[in-house]
Each structure stands twice: as structure tokens, then as C-alpha cells.
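Colleague: Right, I'll just put the structure down here and ask away after.
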Amino acid sequence: MEIIINLTGLVLIAFIVWWFWIFKNRSEARVEGNLLEIVVDSGVYEPSVIHAKAGQEITLRFVRKDSNPCAEKVLFDDLEISADLPLGTPYDLTFTPEKKGEFEFTCQMAMYRGKLIVE
Amino acid sequence: MNNKSETSKRLYVSDISCASCVETIETALKSVPGVDEAHVNFADRSVTVSGDVSADILLKAVSDSGYTASIAQDKTESERENKDLAHYKELLIKTVIAGIISLAIVAVTMLGLLPEITTFKGQISWGVVSLLALFVLTYAGGRFFTGALKSFKNHNANMDTLIAIGTGVAWVYSSFVVLFPDSVSEIARHVYFDTATLIITFINLGSALEMRARGKTSEAIKRLIGLQPKTARVQREGSEVDIPIEQVQMDDIVRVRPGEKIPVDGELVEGSSHVDESMLTGEPVPVSKKVGDEVVGGSVNKSGSFLFKATRIGKDTALSQIIDMVRKAQNAKPEIGRLADKVSAIFVPTVLIIAVFTMLAWFNFGPQPQLTYMLVTTMAVLIIACPCALGLATPISVMVGVGKAAEYGVLIRRGDALQKSGQLTTVVLDKTGTITEGKPVVTALEPTSGWSEEDLLKIAASIETNSEHPLAEAVVEASKEKNIEPSSIESFEAVSGHGVRAVYQQKTVLLGNRKLMDDNGVNLGSLMDRSEELSKMGQTVIFVSVDGEAAGFLGISDPIKTDSKEAIQRLQELGIKVVMLTGDNRATAETVAALVGVDDFIAEVLPHDKANQITRLQAKGEKVAMVGDGINDAPALAGSDVGFAIGTGTDVAIESADITLMRGSLHGVADAVSISKATLRNIKENLVGAFGYNSLAIPIAAGILFPFTGLLLNPIIAGAAMALSSVTVVTNANRLRWFKP
């Protein structure tokens, strides 16, 4: 019994590490044309990994359904872009990612997380 | 409504959803007779139309093409506020209902009012309690569970995850005990419905309080938005009508009466007045306005009634740009916050792992009843951990700090400028226009015998009318003030670096420095002593000779701003070395430096060399701020650690500057530095508090004190502490609102 419970605990820890840190296949999408809708709800961005082309203007339409005040802001810290998202009204964030690379976007407290991959 | 105007109008089209809509709308508008240009901004769904067409025709053209248009207005702010208020009320109602049920459950549990759980009656009664708790969990805490599930699916974990697991485990275990009381040993036969519901109640209450306090942090933005009046009195077809501010068009003639707010930016065309711009620039004294002067939307007309022509409307007004800049800067994250972000990113999974370890530790080494101890400690660990306090620590202080700065006319453009301003060691001030007014005036007229002051000024002004030198402007301005009409001259020749040679009324006139006079053998005689005296006082002396005879000289100086000395002293008191940079000669520079009390000065610096001087200081390990006008000093501003553009009036978005000072005073620099220092201190307090809280609270919740003291943390206390911790962070940040630089 003791061994089983201890093993279960260790498996659980391994699972947490794998599921939250190692596993990478999050909801991904590519900006087609120049518009992509991102839903902000229940603590996540959907899709949370966004692919875009460098030098091409994109519009990310944030649809915030989450009334949690944490969801109010979206920040692309490294790109110095930020926006206040109104609840229920789509908000279009238009910009041109110039540099290639991976840029995280988060809420103010970095709990909601997404990634913009510029190729 | 029939508002005809030959300039641009802004429409808002709510249903633009794709790139092809843009094309359709633009084509529809361009086909309207009289429309010159139509441009759709996809981002904010606005359309700018230029041409001689009334707004209603444009609106009709858009609706005919299948879209809904209105005159553009920015009402998102009040909408947002209403929604926030509704959310706050909803949270409060949930807290009250959850609180009442929780207290009822606590009462029956503590007072032992229900029958033994092992009896059938007991099972039924506790079953009802279980259902009541489930109601609280779903009604007041439902969002934690859906949030946890959604983020789990996305391989993400957040605060919802911790709360959902913590309270969920408590409810599931307790309900299991109710259903199968005999499968659990007697000493572990305890239920935790009260714990689960009270935790949810506390967290809801905490969220509501936090939201309330957070609302206060954006007060600065609300105050700025509140500056804009709702209506404007505009001339339309010969009469004055009150219209909503969104309908004001470019080039509209707007009437402002005493005591009223100026609705948009423009140029005064009739009348004069004094205008209070303090809420925009921090400048306490009302500014006098006459025909041709710029007026800024949001400022208050103090005395006369006047008319002005609208030159910037909607999102282009200085006020809108300020609001935009403040909002952006408030969202920025200085370097100091990055560590907390990194910790936040791995926080929740780490806490989950700690929770599992806690469980295993109590299982392997804990006393009986193991199950109870495991459950209580694991729940406490999950509930007490507060990523919110950590995540909020930096941004919430930045919001208040940036807003505070805006109140003093200090607009922060880049987020890291806030942190760097707090760490400056040297401030470099450009002399002209920064320490001084930047507008040279004639301060002395010294004719030799045989000439009058008027003669001297008339000759100088007649010649200088042809020059573009900034000093020449001062001479011409002085003659205008004395109503002296300049005469025409026969010839004009600039002597590079020294002055001008001209023929005036058939006489050869020399106008320039001492070298020009010496080179041409003009005997300055008694003028020498007096002119040297003025030079030492920081004035520039221009000699005038007529046919080889000295006629006198003019003293020109750029007056030092009245509060420069005081502001420099404030900077020095903040532990900052103040250096003056100028293209002037050493003597003048030395005088000004002594008058305002800077620590050091660098004179005779050519404009393109300013940036090198900054680099030289930085090479010595100094953290250098450059303060200049933002145009001539652009490279130096860009090269410094923090670039301040000073007194730029309504042009708020200067690219090369990190911080724009709305007010012409150097006090803005001192304000910026002390607000930055206070904000940084506040962030540090928050970070120390949040890190400290989590690193102390989690081990205590895990039961680290138990072997020594026998103390365990009640999960209910953990819930209350967690709710309080983020409220504390926000409240501490709000203290900054009372800071006075």
C-alpha cells in the first residue's frame, strides 16, 4: 500500500512536470490573410500560439469574454505593444512584427500566456 | 444636421470585419460626388473622409453599401467602467450569498447540530449540506473550475487551478465520507464543507476588494478623460450651435466662453483670454492667449470669450494623445518586474508539486490520522499560495506611478524610463530653451553721445530684418515693441561668425562682435568697459558702427527661467550631479552656470557633438539623463539613459524622448526623478512582500512548524490570508497616489 501511494505521488509529480512544462503542443494558429481572432476566456488565450510572417501587418482581434480583471490587459512586453481589452467588444490590435523570433504575450500578471512566433 | 465643411470627417463603422469590407466602403464613399479621399482604419474601424460633403450624405453612402456607420466617438471608457461596476456588484452578491450559506454550514458543523454521520439520518442531513456546499462552489466559485479546466487543457495552470483543486478535493473527500462513512477510520471521519465554502467566500471577497482598489489605480486616466467636455459651441451657417464634441470637424470655428473647457485643439482667431492648462501641463499659472496662439482641448478658459479654429479633433488632440501615452506607459513593465514574471510563469505547477510532496511527507512520516493531516496540509498549501500578489506587485505600482507623473505634466513614453529615472546619477541640461527661456531679448541699449537709443535700435532692426540669426529676431522684436519701423537698406553682407556689413542711408554700417570692430579699426573707447561688464553677466554684446565711428551697442540675453535654479537644487538634493551643456562661449556659460548653481558645465559644444558628451559621461559609469528640446538635441536624447524633452507644448509624442515634460519648467525633471524613485521603492516593497509571503506561508501551510510546535494552519485561515495578500499589494500601490514629489 505504502509503495503504491508513494509511487502514485511520484507519477503525479512527473505528470505535472510533463504536462505543464515539457509538453508543447498548445492551440496553434497561423495568421491567414491579415486577421486572426483570439478569444480570451477562463484564464487562457485561444489560440495561444500564433504564427505570423515578419514584415507583414497583422490584426489580432481579441475577444474578451473573461470578466476577471486580470484579463483586461494584453502585453507584448518585448515588442512594447499593449492594449486594454474591453469586455464583450472585440478589440483589434494592428501592428507589423518586424523582427523574427518568439515573443510572449501575457496579461498584466503573466498568468494568461501566449506566444507570437514571427517567421 | 447639415454640417458642411471642406475638410475631413471621421466615421465609425461597427461592422467592418474583413479586408474586403474596407475596399467596399472606400469605393462607396469615393463614388459620392465631392469626396476627395476616403480611408478606412481597420484597427479602430474608423473612416476618415475628406471633401466637401455633409456628414449625413456620407452616413447614407455607407449604409447603402450594407454597413452601419455613425459619427466617430470614443465611448469605450464609460462602457468599460459600467461593465467593471457590474462585475464588482456581481462579485459582492456572490460573496454575500456564499457567506450566508458558509456561515450556516460552519454553525451546524461547529455546534454539532446534525446527527452522527454514521446514521442514516446523519447521512441524509450531511448530504443536504454537501449539496448546499456544491451550490456555493458552482455559483460563487464556478469560474475557478471552468478556468482551471480550460487552462489545464491548454497545458497551462493559474490561480484558478490552485483554488479549484484545493476546494474541489475538500468537497469530494467530504462527500465520500458522507456516502461511505465506514470506509474511513473513525478519527479521520471529518467533513470539510465549511472549509471549502468559506475559502470560496473569502476569495470572492478578496477579488471584489482588489477590483475596487484596482479601479483607483487608473484614476489618473479617468481624470484625463474627464477633462474633455461633452459638447462644443460651433458656428454653423452664421449662428452658434451646441453640438456633441464627436461632431466637431476640422476647421470648425468654436466659441469658448469664460469658465468653459476648450473642447478640441485649435488656433485662436478672435478675442483673447487667459487659459488654465494646469491639468494638462502641471503649469500652475494661467497662460495668456491672443490671436494666432494655440489652444489645447481640455484646458479651462479663465477670462475672456474667444473664437478658435479647430486644428486637431478626435484621437489627434493633444489630450487624446496624452491619454493614449499614459495608458501605454501604464502597461509597460520595467526590468525589475521581469524576475517576478519568470517566477509567475512556473509558480502554479511548482506549488502543485510542493502539494504532492506535502501529501507524501505526511503520509510517510505523519502521525495518525494520516488521511486527515494529508488533506488539511495539502489544501492549505494549494490555497495559501498566491501568484496574484507576485504578478500584481510590479504592474500595479507602475500604473499608479505613471498616472501620478502624468498629474505633474510628466509623460512617460517608455516603461523602462520609470526605472532608469530612479537610478540616475547625472542630469545634463541643455542651456538654451531648457535652463533659459530660449527666447533671446534685448536687455541693454547703450548709444554713444550723438545717438539715441531709438536710433541705435532702428539701425540694428533695419539690418537684422534681413537676417535669420536667432539674436536678430530679438532685435526686430524689440523694435516692434517700441513701435520703431525698420527702414530699407541698400546692401547687406554677412561676415561669417562675426556679424554683418550693410549700407544704410548711404552710410556703411557694421553690426557684430568686438572682432568685427577691431578688424575694421573701429575705436570702441568707453564702450569697452561697460560691454565687458555685460558679457560677464552672460549677455551677448552687439556693437554698431556707422562710417567707422562707434554708435553704441546692444546687449542681448536669453533670460533664465525663474524656477531653474530651484529645480536644479532639487535635483542636487536627490543626489544627482547637474551638468550644463551649451554652444555658448566659456565666459557666458560660466556666468549662467554660476547663476543657476550647476555642478559643472561644458561650453562651446557644437550641436552634433552633444551626443558624444553624453557618451563620455556614460563611459565614466554615470547613468545620464539628457534634457533638451527634443528637436535639436534628438541624438543626445536618444543616446542618454533617459531622454527628457522639455516644454514642447502640445507636441507630446516626441520620438527621441523617453519622457516628455508638458511644462517648460525644469521642476518636471525633479518631479519625474522623485516619482520614479518612489514608484521603484513601492515596487520593491510589493515584491519583497509577495515573495516573502509565499516563501513563508507555503512551508507553514505544509506543516513545517508541526514537529516543533504542533501547530497546523487551518485551510480557512489560508484562504483568508491569500485573499488579503493581493489586496495588500494593490493597497500599497495605492499609497503612491498620495505621494508628493
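Colleague: Just checking, which of B:VAL234, B:VAL248, B:VAL256, B:VAL269 is under 23 Å from B:SER46 (Cβ atoms) and either in contact with a Cys (Cβ under 9 Å, 6 or more places away or on another chain) or modelled with pLDDT of 90 or more (or both)?
Modeller: So the residue among B:VAL234, B:VAL248, B:VAL256, B:VAL269 that is under 23 Å from B:SER46 (Cβ atoms) and either in contact with a Cys (Cβ under 9 Å, 6 or more places away or on another chain) or modelled with pLDDT of 90 or more (or both) is B:VAL234.
Conditions (1) touching a strand residue (DSSP E or B) at 6+ places or on another chain (Cβ under 8 Å); (2) part of a helix (DSSP H, G or I); (3) modelled with pLDDT of 90 or more, marked per residue:
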site: B:GLY630; (1), (2), (3): yes, no, no
site: B:PRO635; (1), (2), (3): no, yes, no
site: B:ALA638; (1), (2), (3): no, yes, no
site: B:GLU655; (1), (2), (3): no, no, no
site: B:VAL669; (1), (2), (3): yes, yes, yes
site: B:LEU680; (1), (2), (3): no, yes, yes
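Colleague: So which strands (runs of 3 or more DSSP E) are wholly in the range B:248-361 and hold at least 1 residues that are among the acidic types (Asp, Glu) and surrounded by 21 or more Cβ atoms within 10 Å (Cβ to Cβ)?
Modeller: Counting at least 1 such residues, we get B:265-270.
Colleague: Sticking with this one: For the range B:326-339, check the following and say yes or no: at least one residue is in contact (Cβ under 8 Å) with a residue 12 or more places away in the chain, of a type in the set (Asp, Glu) and within 30 Å of B:VAL264 (Cα to Cα).
Modeller: no
Colleague: Out of all the residues in the range B:349-369, which are modelled with pLDDT under 90 and either out of contact with any Gly (no Cβ under 9 Å at 6 or more places or on another chain) or at the interface with chain A (Cβ under 10 Å from one of its Cβ atoms) (or both)?
Modeller: B:PRO367, B:GLN368, B:PRO369
Colleague: How about the range A:102-119: which of its residues are at pLDDT below 85 and among the β-branched types (Val, Ile, Thr)?
Modeller: Result: no residue meets the conditions.
Colleague: Still on this model: Within the range B:517-568, which residues are within 24 Å of B:VAL627 (Cβ to Cβ), polar (S, T, N, Q) and in a loop (DSSP other than H, G, I, E, B)?
Modeller: Residues satisfying the conditions are B:GLN539, B:THR562.
Colleague: As an exercise: evaluate B:VAL234 against (1) in a strand (DSSP E or B); (2) touching a Ser or Thr at 6+ places or on another chain (Cβ under 6 Å) and give the number of the one condition it does not meet.
Modeller: All conditions are met except number (2).
Colleague: What about B:LYS458, is it more than 14 Å from chain A (Cβ to nearest Cβ), under 30 Å from B:SER479 (Cα atoms) and of a type outside the set (A, V, I, L, M)?
Modeller: Yes; evaluated as a whole, the condition is true for this residue.
Colleague: So how many residues does the range A:88-119 have that are part of a strand (DSSP E or B), facing chain B (nearest Cβ under 8 Å) and among the hydroxyl-bearing types (Ser, Thr, Tyr)?
Modeller: Residues that pass the stated criteria total 2.
Colleague: Could you look through the range B:154-207, keep only residues that are part of a loop (DSSP other than H, G, I, E, B) and β-branched (Val, Ile, Thr), and pick out the one that is surrounded by the most Cβ atoms within 10 Å (Cβ to Cβ)? Explain how you work it out, then say what you get.
Modeller: So the first thing to find is which residues in the range B:154-207 are part of a loop (DSSP other than H, G, I, E, B), and the list is B:154-158, B:180, B:184-185, B:189-192.
Narrowing further to those that are β-branched (Val, Ile, Thr): B:184, B:191.
On the way: B:VAL184: 17, B:VAL191: 24.
Restricting to residues being part of a loop (DSSP other than H, G, I, E, B) and β-branched (Val, Ile, Thr), the top hit is B:VAL191.
Colleague: Can you give me the number of residues within the range B:151-178 that are within 11 Å of another protein chain (Cβ to nearest Cβ) and free of Cβ contacts under 8 Å to residues at least 24 places away in the same chain?
Modeller: 8
Colleague: Now for a different question. Take the residues in the range B:370-411 that are closer than 20 Å to B:ALA196 by Cα and part of a loop (DSSP other than H, G, I, E, B), then tell me which one is modelled with the lowest pLDDT.
Modeller: Once the filter is applied, the top-ranked residue is B:CYS386.
Colleague: Of the conditions (1) at pLDDT 75 or above; (2) within 14 Å of chain A (Cβ to nearest Cβ); (3) touching a helix residue (DSSP H, G or I) at 6+ places or on another chain (Cβ under 7 Å), B:ALA86 clears all except one; give me its number.
Modeller: Condition (3) is where B:ALA86 drops out.
Colleague: Can you go through B:LEU137, B:LEU131, B:LEU113 and tell me which one is part of a helix (DSSP H, G or I), surrounded by fewer than 14 Cβ atoms within 10 Å (Cβ to Cβ) and away from chain A (no Cβ under 14 Å)?
Modeller: Being part of a helix (DSSP H, G or I), surrounded by fewer than 14 Cβ atoms within 10 Å (Cβ to Cβ) and away from chain A (no Cβ under 14 Å) holds for just one of B:LEU137, B:LEU131, B:LEU113, which is B:LEU131.
Colleague: Restricting attention to the range B:412-433, report how many residues are modelled with pLDDT of 85 or more and under 9 Å from the mean Cα position of the chain (by Cα).
Modeller: The number of residues fulfilling the criteria is 1.
Colleague: Testing B:GLY215 on (1) closer than 20 Å to B:ALA310 by Cβ; (2) in contact (Cβ under 8 Å) with a residue 24 or more places away in the chain; (3) surrounded by 15 or more Cβ atoms within 10 Å (Cβ to Cβ), one condition comes back false. Which one is that?
Modeller: (1)
Colleague: Quick test for you: out of B:ALA332, B:ALA405, B:ALA393, pick the one residue that is facing chain A (nearest Cβ under 8 Å) and over 30 Å from B:VAL234 (Cα atoms).
Modeller: Result: B:ALA332 is the single residue among B:ALA332, B:ALA405, B:ALA393 that is facing chain A (nearest Cβ under 8 Å) and over 30 Å from B:VAL234 (Cα atoms).
Colleague: Let me ask another. Find all pairs meeting these conditions: Cβ atoms under 7 angstrom apart; at least six residues apart or on different chains; first residue within the range B:694-711 and within 20 Å of B:ILE346 (Cα to Cα); second residue surrounded by 14 or more Cβ atoms within 10 Å (Cβ to Cβ) and of a type outside the set (Val, Ile, Thr).
Modeller: B:ASN694/B:ALA385; B:ASN694/B:CYS386; B:ASN694/B:LEU390; B:ALA697/B:ALA721; B:ILE698/B:ALA385; B:ALA701/B:ALA380; B:ALA701/B:LEU713; B:ALA701/B:ALA718
Colleague: Of the residues in the range B:436-486, how many are touching a residue at least 40 places away in the same chain (Cβ under 8 Å), farther than 21 Å from B:GLU533 by Cα and of a type in the set (S, T, N, Q)?
Modeller: Of the residues in the range B:436-486, 1 are touching a residue at least 40 places away in the same chain (Cβ under 8 Å), farther than 21 Å from B:GLU533 by Cα and of a type in the set (S, T, N, Q).
Colleague: Could I ask something else about it? Which one is modelled with the highest pLDDT, of the residues in the range A:54-101 that are touching a Lys or Arg at 6+ places or on another chain (Cβ under 6 Å) and surrounded by fewer than 16 Cβ atoms within 10 Å (Cβ to Cβ)?
Modeller: A:ALA54
Colleague: Within the range B:692-741, can you find the residues that are basic (Lys, Arg) and either under 21 Å from B:TRP362 (Cβ atoms) or assigned to a helix (DSSP H, G or I) (or both)?
Modeller: B:ARG735, B:ARG737
Colleague: Restricting to the range B:590-635, name every residue that is more than 16 Å from B:LEU661 (Cβ to Cβ) and of a type in the set (Gly, Ala, Ser).
Modeller: B:ALA593, B:ALA594, B:GLY597, B:ALA603, B:ALA611, B:ALA619, B:GLY621
Colleague: Could you tell me whether the range B:480-495 includes any residue that is in contact with a helix residue (DSSP H, G or I) (Cβ under 9 Å, 6 or more places away or on another chain), part of a strand (DSSP E or B) and over 20 Å from B:THR443 (Cβ atoms)?
Modeller: Checking the range B:480-495: at least one residue is in contact with a helix residue (DSSP H, G or I) (Cβ under 9 Å, 6 or more places away or on another chain), part of a strand (DSSP E or B) and over 20 Å from B:THR443 (Cβ atoms).
The values are calculated or read from the model by the stated rules, or taken from the named source; none is laboratory data. As the structure is a prediction and not an experimental result, all values here were calculated from the model. We place every Cβ from the backbone using ideal geometry, glycine too, and count neighbours over all the protein chains shown.
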